[in-house]
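The values are calculated or read from the model by the stated rules, or taken from the named source; none is laboratory data. Note that the structure is a prediction, hence the values are computed from the model and not measured. Neighbour counts are summed over all protein chains in view; Cβ atoms, including those assigned to glycine, are modelled from backbone coordinates with ideal geometry. The area values use the complete protein model at the heavy-atom level, side chains included, leaving out ligands, DNA and RNA. Shrake-Rupley method; radii C 1.70, N 1.55, O 1.52, S 1.80 Å.
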Amino acid sequence: MIKPQKPLKIAVISDCQVKGGVDLSYLSAIGNYIASKKPDVIVNIGDFYDFPSLSSYDKGKLSFEGRRLKEDIEVGNIGMDLLLAPIKKEQERLRVNKKKRYNPRMVFVMGNHEARLARVAKDAPEMSGFVGYHLLNLQDWETHDFLKPVEINGIWFTHYLQNAFTGKPLGGNALNQLKTVGQSFVCGHKQTLDIAIRPVLSGGLQIGIICGACYLHKEDYLGYTANNHFRGITMLHNVKDGFGNPSFVDTQYLVDNYL
C-alpha cells in the first residue's frame, strides 16, 4: 500500500539576478516573509546570481566596461546572506524559546546564469578547481545541476524546461509546455508570470507555472515595455500528488510590508 503524501507548503524564489549597483534590500523582505510563513520547502529556482562579467550578450560594448567576476561573486554571496538572515534568526528564536524547530528543506536549482561560472572552467581547463560553484554561498542549500529537474510531491522544479531535440528552452506558454512535458512543473527563466491547470484522465489536476522574476531593478536590454513584467515569489499550498494551490506575492508588496 502506497503511503499518502504529506501535503507541503512550498515557497519558490525565481531569478533574483543579484548584481552590483542595485538595491538588495528586497532580499531581506523576501527572507522576512518566508520566516513568517514558514513553508516546508524553499526552492530557489536559479539565476540568483547574475554574473554580468560573464555575459556574452554585451561583451565588447560600453556597458561591459568595469565588470569583474570577483565583485559578481561577492555581491551575490552578500545577497544570499540577506535572504537567509531572517530565516536563521527565526530558527534561533524558536530554538532559544524551546518551541517547535523550523528546518525547511532548502533546494537550489542552478540557472543559466550560475552555469556561466561553471562554463569558465570548461572553456579554460586551467581554471578547473579554481573557479566553480564552490565559490558561491550555497552551503545552506541542497544544490542540483542546471536543467536537472527536482521532483517534490509530484511537481517538477527546474530553471527552464528543455526542448528535447534542440537543448534550448522549450517555447510556448505554460499550457503548451504543460501539454508537451505531461507533468506538473514550476520553472523560471522567462520574465513573465504564466500559469496553467488542466485535468488528467487518471484523475486529479496538473499545474504548470512560469514564475517570472524576483528583483525590482530594471534591465536595460529589455527596454521600457518588457520591463513591465511580474516580479515576486510563488507560494504553493497543500502540495501533493502533482498539484498545489498557487498564490503570488509581488516584490514591491514584500518591500513595503516586510522590511
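Worth a mention:
- Every residue from the stretch 79-130 that is in contact (Cβ under 8 Å) with a residue 12 or more places away in the chain, part of a helix (DSSP H, G or I), of a type outside the set (Lys, Arg) and over 30 Å from residue 55 (Cα atoms): 86, 87, 90, 91
- Candidates 159, 144, 189 - the one that is under 15 Å from the mean Cα position of the chain (by Cα), on the phi > 0 side of the Ramachandran plot and crowded, with 17+ Cβ neighbours inside 10 Å: 189
- Looking across 221, 253, 215, one residue alone is at pLDDT below 95, assigned to a helix (DSSP H, G or I) and on the phi < 0 side of the Ramachandran plot. It is 221.
- Taking the criterion of being part of a strand (DSSP E or B), closer than 21 Å to residue 238 by Cβ and without any contact (Cβ under 8 Å) to a residue 40 or more places away in the chain, the only residue of the stretch 157-193 that qualifies is 185.
- Residue match in the stretch 33-52 (condition: at pLDDT below 95, open to solvent by 50 Å² or more (accessible area, probe 1.4 Å), under 23 Å from residue 114 (Cα atoms) and of a type outside the set (S, T, N, Q)): no
- Selection within the stretch 233-256 - polar (S, T, N, Q), touching a residue at least 12 places away in the same chain (Cβ under 8 Å) and surrounded by fewer than 18 Cβ atoms within 10 Å (Cβ to Cβ): 238, 247, 252
- Any hit, the stretch 197-213, residues being open to solvent by less than 10 Å² (accessible area, probe 1.4 Å) and among the hydroxyl-bearing types (Ser, Thr, Tyr): no
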